[in-house]
1. Do we find a residue being more than 17 Å from residue 12 (Cβ to Cβ), in contact (Cβ under 8 Å) with a residue 12 or more places away in the chain, touching a strand residue (DSSP E or B) at 6+ places or on another chain (Cβ under 6 Å) and surrounded by fewer than 20 Cβ atoms within 10 Å (Cβ to Cβ) anywhere in segment 91-113?
2. I'm trying to understand the selection: among the residues of segment 33-76, which are touching a residue at least 60 places away in the same chain (Cβ under 8 Å) and part of a helix (DSSP H, G or I)?
3. Would you point out the residue of segment 119-133, among those that are crowded, with 20+ Cβ neighbours inside 10 Å, assigned to a loop (DSSP other than H, G, I, E, B) and touching a helix residue (DSSP H, G or I) at 6+ places or on another chain (Cβ under 8 Å), that is modelled with the lowest pLDDT?
4. If residue 14 satisfies every condition in (1) out of contact with any strand residue (DSSP E or B) (no Cβ under 8 Å at 6 or more places or on another chain); (2) crowded, with 17+ Cβ neighbours inside 10 Å but one, which is the exception?
5. Restricting attention to segment 134-155, report how many residues are buried (at least 18 other Cβ atoms within 10 Å of the Cβ) and in contact (Cβ under 8 Å) with a residue 24 or more places away in the chain.
6. Evaluate the following for residue 75: is it crowded, with 17+ Cβ neighbours inside 10 Å and under 20 Å from residue 130 (Cβ atoms)?
7. Considering only segment 39-53, state which residues are surrounded by fewer than 19 Cβ atoms within 10 Å (Cβ to Cβ), within 13 Å of residue 145 (Cα to Cα) and either more than 14 Å from the chain's Cα centre (by Cα) or at pLDDT below 95 (or both).
8. Given the conditions (1) at positive phi; (2) without any contact (Cβ under 8 Å) to a residue 12 or more places away in the chain, and given that residue 15 satisfies all but one, which numbered condition is not satisfied?
């Protein structure tokens, strides 16, 4: 069994959720921020989610305030930004750290399983990790990679 399925995280509403709930799905994990130059990617992410969710695809958003303090809000403020400004309906989780000794275990696993070009650490908000139906990390995408540029990789995983 993939280590991914043994991990859990709290939803934005505070309920613990197991990654095992996403077994047999293609998953895109994204560290997000509400006040970042990449924040408009929420709209593209939502479009991907709407396009592929019925085929077994899900996006998991993890707010993070480690990069320039660009996610200072509490859960209610994060939810408002995501839902009102961008129409986000994919699952959002409680704010986490993605780097350092207090990084969330999910991101500790992801950064090791799918290292970046410059090492394991995450460089900025909206780094994206694609996880296959078997729970294995497939690929890491840089913050500058627009959601629509990931569509072919998602489709390939959905068809495999």
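1. yes
2. 41, 44, 45, 47, 48, 51, 52, 55, 75
3. Ranking the qualifying residues of segment 119-133, first place goes to 122.
4. All conditions are met except number (2).
5. Adding up the residues that qualify gives 8.
6. It is false that residue 75 is crowded, with 17+ Cβ neighbours inside 10 Å and under 20 Å from residue 130 (Cβ atoms).
7. 40
8. Unmet for residue 15, out of (1) at positive phi; (2) without any contact (Cβ under 8 Å) to a residue 12 or more places away in the chain: (1).
The values are calculated or read from the model by the stated rules, or taken from the named source; none is laboratory data. Everything quoted here is computed from the prediction, not taken from an experiment. We place every Cβ from the backbone using ideal geometry, glycine too, and count neighbours over all the protein chains shown.
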